[in-house]
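Since every read-out is calculated from the coordinates, none of them should be taken as a lab result. Given the structure is predicted, the values throughout are model-derived calculations rather than measurements. Because the Cβ atoms are built from the backbone with ideal geometry, glycine has one as well, and the counts that use them run over all protein chains shown.
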Amino acid sequence: MTERTRIFAPLITPRDAAGRLDLAGLARNVERLNATPLDGYVPLGSSGEYVYLSHSERLDVLRTVHEAAQGRPVIAQVGGDATMDSCRLAEAAMDIGASALLAVTPHYYTPQLRGPALVEYYRALGAIGPVYLYHIPSYTGVTLDVRDVLEIGGLSGVAGMKDSSGSVAMMVEVLSQRGGDFQYFVGSGGALLAALSHGADGTIAALANLCPVELRRIADLFAAGQVAAAARLQAPLSVLNALITRVHGIPGLKYAASRLGFAAGDPVSPLQPLGEGPRVAIDAAIEAAEAAFR
């Protein structure tokens, strides 16, 4: 729907050797990413281990990112299990200077989280600022159908969605039936080219922390009609993306970020740092991706 594909990085939250928040490292990461073609940042998402942060720590992260972003858009992930808590964080995020909100579906009382419950949750957040629905059933256990998405998308203040379901059918159906202002961001950098071919607006993807220039190149090649060339570059990124998201998750992402010189630290316990075998596999995938883009 937008003329230019937009690429956002859902930022990692660095930790120091003692396991404390490394806000200085977070600021350095953002400042380094400012030199890339990223369109903006998403703090407090799944890549940022938001479930392990207190309310005050989340505010510290938001302030740090907003200041370091130097005017680039910041979409704050504010979702949680209680509407009141999510709204409180949303109000604080907008006061700090967020340009929009992202809100994961509530996900503890899963059997009751259908229909009116989610509609009212997103209605409340949309009254605070433009909000994107965050659909990630692999983590939440809440799987929406297209009717749910379209109903929520029709609410005042709902700007679109980040879809990390991995469902091609959902992507195609939502993109073919969405309203004129509803923006669709695929939640996987490994699926960027496929999503663009169906009309997606861009991606909010963990891979954008590591390969923002490469993702932009794929998007630019697609826009120029060079689909075969884009596909050749997408393939090695899809392998890397699978390792740092589906296979090894946050430990894999933090290891890859650290290997590329970003502040990262270990994942928060009970998540564990990677062992030698997974590190070797990620090293090889990074090297293959770098070779493909030379």
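Figures for the structure shown
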| read-out | value |
| --- | --- |
| Least to most buried among ARG20, ARG88 (fewest other Cβ within 10 Å first) | ARG20, ARG88 |
| Convex hull projection area averaged over all views, region 134-274, Cα basis, nm² | 9.4 |
| Förster-model FRET efficiency, 51 Å R0, ARG259 and ASP85, C-beta, rounded to 0.05 | 0.90 |
| MET171, MET84, MET161, MET94 arranged by Cβ crowding within 10 Å, fewest neighbours leading | MET84, MET94, MET171, MET161 |
| Spatial separation of Cα centroids for region 224-294 and region 47-90, in angstrom | 25 |
| Spacing of the two label points (7 Å from each Cα toward its C-beta) at ARG20 and GLU276, in nm | 3.3 |
| The chain, helix-only ellipticity at 222 nm - DSSP H runs n ≥ 4, -39,500 (n - 2.57), divided by all residues, nearest 500 | -14000 deg cm²/dmol |
| Likely footprinting exposure, VAL131, VAL104, fewest C-beta neighbours within 10 Å first | VAL104, VAL131 |
| Projected-area mean, the chain, by convex hull of Cα positions, square nanometres | 14.1 |
| Cα-based convex hull volume of region 203-251 per residue, rounded to whole Å³ | 65 |
